[in-house]
Amino acid sequence: MQTIPQRLLGEALLNSARNHPTKTAIIVKGESYSYIHLKTKAENLAHHLIKSGVKKGDRVAIYLENSWSSVVSIYGITLAGAVFLVINPQTKSDKLKFILNDSSAKILITTALLKKEFLTAAEETPGLLEIIITGDPAMMNSALKHRVVDFENATSKIISGIVMPNVIPNDLAALIYTSGSTGFPKGVMMTHQSMVFASWSLIQYLRLTEHDRIMLLLPLAFDYGLYQLLMAITTGGTLIIEQSFIFITSILENMQKHKPTVFPGVPTIYAMLIAYAKNNNTSFDYIEKVTNTAAALPAEFTPDLKNIFPNALIFRMYGLTECKRVCYLEPELIDIKPESVGKAIPGTEVFLLSPGGEPVAPGEPGILHIRGPHVMLGYLNREDLSNEMLKPGKLPGERILCSNDWFKMDEEGFLYFLGRNDDIIKTRGEKVSPIEIENVIYAIDGVREAVVFGTPDKVMGESIVAFVTLKDGSTLNEKIIHRTCMAHLESFMVPGKIILIHEMPKSSNGKIDKKELKKQFLNDSHES
């Protein structure tokens, strides 16, 4: 097999199509697509984009659900030398308009199914040249001032006379929009070099090979979802795409049919799966690797996950969009260090500093800093926020990522997540990690999900509130949970309020939406 050293994101597809032309690259909605088919469609789209006026570094937005069209678009854009950004299809018109204008998008690739949102946004995006639509573009012609092209036509043929741009690893590859404290999302700038490096680092420690079949339940707009695609294509493996985890029965049927070997998830997905498995005696002996990031995986989930995935290595991980991934715990250590998120990913370095910038001793809390080729260039159009996150490094011109998250590191160098900087609760003169309290609550039999945060209190600084959802059939109540917290936590860490709710609010990425939960609580408190 001939493999060209990978320097650019799109070269992974070219290599895999050369070495495995007829192998299935993507499975979606019951259809299988080969590597050579994906390469052909992506190259056709790249040629169309260049003919339409897209130049190296121009932004092309993808506003689609997880689909075959999304995959073709990502690789077509990168092969054209442009910068792709994937926008969650649940995004409403106001936020869509902001992202399109903030990114200076030249082309929008979308579907007729989302016309209600993108019609409004596109009208107020003056820099947009063209809209490529899957579905029926004919219905759009009278309503849009932009050039409209059918996706099938844009990917159906190679256009002669096209000169491909000279792209180098330092060039921008993607903008990954992540939520911001101001309510407007921030565009994380990632180069080809940083994304290729991160892909290979993840592939190395996850022990992925061309024989792996990765299950994608997370949106491609979420970097955790996006990198499942990048890793599958880079290794020459297969990606099995689902649009969401809502229809669990259908997804489990597809798992039995396609037999994935890798199952990436977030704690909310695992909580749902654990509850379902207990009622239906479900297990998957063909899964070889289970991964978690986005939010801390409670140690109490581990025994249930071992029952559901009896032959799987379970990887606890921590990361943030600004550098993709920070650390991972070797699965062989999951019972030895059940609360740890491990050490730095291969080829990178991490260390803890005090708020004043001084190194902290083992066992002491500190703010995590990350050094390596995977660190972002910064936030698009937000030099102020970039300077808050990127600090001067050890070498001239180097910048180190300050996560603003609190950790402890033990004598052996293993990291323990304590909480986001703005999550740390300051009560009675003490700093309290909500994670510690959540872990105690998760350990109570019958608890499905738990969220802890602080609310303003004139006497204590902040009072502690815990929201809890229960597993079906559980007879737990607030008093039992409170007694357990009293038995296992220092008095200043015990929640002043414990509130049972039916369901946690979730973000489009499947994570518990703490901000929304906190907003609801504060609104209810003010009304009462």
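By the count of neighbouring beta-carbon atoms within 10 Å, fewest first, 384, 335 end up ordered 384, 335. A simple count of charges around residue 305, restricted to other residues whose Cβ falls under 14 Å of its Cβ and scoring Lys, Arg +1 and Asp, Glu -1, yields -1. Is the shape of the chain best called rounded, prolate or oblate, per the rule: a/c under 1.5 gives rounded, else a/b larger than b/c gives prolate, else oblate, with a ≥ b ≥ c the square roots of the Cα gyration tensor eigenvalues? Verdict is prolate for the chain. 3J(HN,Hα) along the range 186-200: 10, x, 7, 8, 10, 8, 4, 4, 5, 6, 5, 4, 4, 4, 6 Hz, from the Karplus curve 6.51 cos²θ - 1.76 cosθ + 1.60 with θ = phi - 60°, whole Hz, x for Gly and Pro.
Close amide-amide hydrogen proximity is noted between residue 345 and 327, 328, each under 5 Å apart and 5 or more residues distant or on a separate chain (H modeled in the peptide plane; Pro and chain starts excluded). Close amide-amide hydrogen proximity is noted between residue 320 and 325, 326, each under 5 Å apart and 5 or more residues distant or on a separate chain (H modeled in the peptide plane; Pro and chain starts excluded). In plain terms, the chain from residue 253 to residue 123 could stretch by 42.6 nm, reckoned as 0.36 nm per residue minus the Cα-Cα distance. Between residue 104 and residue 136, the modelled labels are 3.8 nm apart [label points 7 Å from Cα along Cα→Cβ]. Out of all DSSP beta bridges with both ends in the range 11-191, state the antiparallel percent to the nearest 5. Of those bridges, close to 35 percent are antiparallel.
Placing dummy labels 7 Å off each Cα toward the beta-carbon, the span from residue 332 to residue 90 is 3.9 nm. Put in line by how crowded their Cβ is, counting other Cβ atoms within 10 Å and starting with the fewest, 110, 78, 22 read 22, 78, 110.
Per-residue ellipticity at 222 nm from helix content only, as computed over the chain with -39500 (n - 2.57) for each DSSP H run of at least four residues, stands at -9500 deg cm²/dmol. Each label point is 7 Å from the Cα along the Cα-to-Cβ direction; what then is the distance between the points at residue 209 and residue 29, in nm? Rounded to a tenth, the inter-label distance reads 3.4 nm.
The trypsin sites (Lys or Arg not before Pro) of the range 53-111 that meet both conditions, a loop assignment by DSSP and at most 14 other Cβ atoms within 10 Å of the site Cβ, are 55, 92. Amide H to amide H, with H built 1.01 Å from N, residue 457 comes under 5 Å of 462, 463, counting only residues 5 or more places away or on other chains. Mind sorting 4, 77, 400, 214 by how few other Cβ atoms lie within 10 Å of their own Cβ, fewest first? So the ranking, lowest neighbour count to highest, is 4, 400, 214, 77. In a fully extended conformation the segment linking residue 163 and residue 302 would gain 44.8 nm over its present Cα-Cα distance, using 0.36 nm per residue. Along the range 49-61 the Karplus relation, 6.51 cos²θ - 1.76 cosθ + 1.60 evaluated at θ = phi - 60°, assigns HN-Hα couplings of 4, 5, 5, 7, x, 6, 10, 3, x, 5, 8, 10, 9 Hz to successive residues, with x for each Gly and Pro. DSSP beta bridges fully contained in the chain are about 55 percent antiparallel.
Residues of the range 354-368 falling in the label zone of residue 490, defined by backbone nitrogen less than 14 Å from a point 7 Å along Cα to beta-carbon, are 364-365.
Any read-out appearing in this document is the output of simple, stated calculations on the displayed coordinates, not a laboratory observation. It should be emphasised that the depicted structure is a prediction, and the values quoted were computed from it without experimental measurement. Positions of Cβ are generated from backbone atoms using ideal geometry, with glycine treated the same way; all protein chains shown enter the neighbour counts.
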